[in-house]
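Notes for the one structure printed next.
The values are calculated or read from the model by the stated rules, or taken from the named source; none is laboratory data. Everything numeric here is computed off the predicted structure, so don't read it as measured data. With ideal geometry, Cβ positions are generated from the backbone for all residues, glycine too; neighbour counts draw on all protein chains shown. All accessible areas refer to the heavy atoms of the entire protein, side chains included, with ligands and DNA or RNA removed. Shrake-Rupley method; radii C 1.70, N 1.55, O 1.52, S 1.80 Å.
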Amino acid sequence: MGRLAGVDGCPGGWVCIVWDPDTNSFTVTLFRTAAALLAHDSKISVMTIDMPIGLVDTGRRQCDELARNMLGSRHVCVSNAPIRPALYAPSRLAASAITQNAAGRGVGSNEWALYPKIINLDVAITPAHQSWCVEIHPEICFCAWNNGEAIQFEKGSDQGRQARELLIDAAWPGVRQALLVQLQQQGHNRQHVALDDINDAFAALWTARRKAAGQAQRIPAAPPSDTRGLRMEMWY
């Protein structure tokens, strides 16, 4: 099967949990750049990343809209991915003006905060990477994991964190705590990688395991590609 990896963007870069099913061993690493992340282990057979891959030039990505539909009242968890013409705008005001003209909407602060990470991944990833490296959204992963019910509490709340960690700890007893110790031993603190980032990386890993087993689903079923040839899809 090869090693499996779940990845989330975090303040310190990219937090990556790798699971080797053959030895049932887990490691966690913080990568500063997406290029280093993608190149670090040739034995990874599936990597799932919580970050947009593939961007439209106008309008909205279909996978984002479908993800919102899946989450129902929790649809606000899914931010709009940037349109490609606005990606390198010098300010949120400039990005909003470009997006308003091409897509009929502005750029919110949460969306704008993701631009540096999206750029970092966009310059590193190619269509060839998508044979093993795909996009996820942790909230639709947790929804599928939670028997098709979206978790109603925000991930940063005590109730939300507990609901997500119950799923993680049931699937991999003791692993979450062990990886928190690994990060501490590596010199990382909550300013580098938050508890929410670790939980989201586990949601990505859960989907990587499903994808490796041929059980994962993607939205849309027949995804379009962007102008760079990147498929615009989410897996869960």
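A few points about this structure:
- Screening G9, G13, G2 for residues that are within 17 Å of the chain's Cα centre (by Cα), in contact (Cβ under 8 Å) with a residue 12 or more places away in the chain and on the phi > 0 side of the Ramachandran plot leaves exactly one candidate, G13.
- Qualifying positions in the stretch 132-165 - part of a helix (DSSP H, G or I), closer than 22 Å to M47 by Cα and touching a Phe, Trp or Tyr at 6+ places or on another chain (Cβ under 7 Å): I140, C141, A144, W145, R164
- Here T29, T48 are screened, and the one residue that is open to solvent by less than 20 Å² (accessible area, probe 1.4 Å), closer than 15 Å to A204 by Cβ and among the hydroxyl-bearing types (S, T, Y) is T48.
- From the list L93, L71, the lone residue that is open to solvent by 50 Å² or more (accessible area, probe 1.4 Å) and in a helix (DSSP H, G or I) is L93.
One line per residue, one yes/no per condition, for (1) modelled with pLDDT of 95 or more; (2) within 30 Å of P85 (Cβ to Cβ); (3) part of a loop (DSSP other than H, G, I, E, B):
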{"residue": "L167", "(1), (2), (3)": "yes, no, no"}
{"residue": "V181", "(1), (2), (3)": "yes, no, no"}
{"residue": "G187", "(1), (2), (3)": "yes, no, yes"}
{"residue": "V193", "(1), (2), (3)": "yes, no, yes"}
{"residue": "A201", "(1), (2), (3)": "yes, no, no"}
{"residue": "A204", "(1), (2), (3)": "yes, yes, no"}
{"residue": "A208", "(1), (2), (3)": "yes, no, no"}
{"residue": "K211", "(1), (2), (3)": "yes, no, no"}
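- Residue match in the stretch 219-233 (condition: surrounded by 12 or more Cβ atoms within 10 Å (Cβ to Cβ), assigned to a helix (DSSP H, G or I) and within 18 Å of the chain's Cα centre (by Cα)): no
Table: residues versus (1) under 24 Å from T27 (Cα atoms); (2) among the aliphatic types (A, V, I, L, M).
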residue: V107; (1), (2): no, yes
residue: N110; (1), (2): no, no
residue: K117; (1), (2): yes, no
residue: H129; (1), (2): yes, no
residue: P138; (1), (2): yes, no
residue: A144; (1), (2): no, yes
residue: I151; (1), (2): no, yes
residue: S157; (1), (2): no, no
residue: A171; (1), (2): yes, yes
